[in-house]
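*Asks:* One structure, pasted below without further comment.
Just so it is clear, none of the values below were taken in a lab; they were calculated from the coordinates. Fair warning: this is a prediction, and the values are worked out from it, not measured in the lab. Note that each Cβ is placed from the backbone with ideal geometry, even for glycine, and that neighbours are counted across all protein chains shown.
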Amino acid sequence: MRDDTTDIYARVHNRVDEILHYIWDPIGVAGSAGARDEYDSYVPKIVKMLFEGADAEAIAKHLHSIESGSMGLTTFGVRSKKTDEAARRLPLFDGDFSYVYLSKKKG
């Protein structure tokens, strides 16, 4: 039997994975079943950031740094709307590790 923390981690990991693949998708592979794991290596760091309380702005900056750094995409220093949208949709943790979506969180 899994404990609550493991279950929460697994749910958040899956949610982050889906958001990166279907919403962020900076190289446009969401339509390709063979590329479903394209962004897997970025998921653990983002999950860690979320558990540490990162907000949408911090996540968007991180995603943008991946695009312009390790992916080598030309961004001209400007974040895409898809990057900001993905960051807004990622789960945000409150003190008891239950989560709400950033797009619904106020203040």
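*Asks:* Quick one: length gained pulling Arg11 to Ala58 fully straight, 0.36 nm per residue minus the C-alpha distance?
*Replies:* 14.8 nm
*Asks:* At a Förster distance of 35 Å, what's the computed FRET efficiency of Lys45 paired with Phe76, Cβ-Cβ distance as r, to 0.05?
*Replies:* Here the calculated transfer efficiency is 0.90.
*Asks:* If neighbour count is taken as other Cβ atoms inside 10 Å, put Phe51, Phe76 in order from fewest to most.
*Replies:* The order, fewest Cβ neighbours first, is Phe76, Phe51.
*Asks:* Also, I was wondering about something else. How long are the three semi-axes of the equivalent ellipsoid of the range 1-68, in whole Å, if each is the root of 5 times an eigenvalue of the C-alpha gyration tensor, listed from largest down?
*Replies:* In descending order the semi-axes read 22, 17, 8 Å.
*Asks:* Let me ask something else. Can you pull the one-decimal nm distance between simple spin-label points at Ala35 and Ser65, each 7 Å off the Cα toward Cβ?
*Replies:* 2.5
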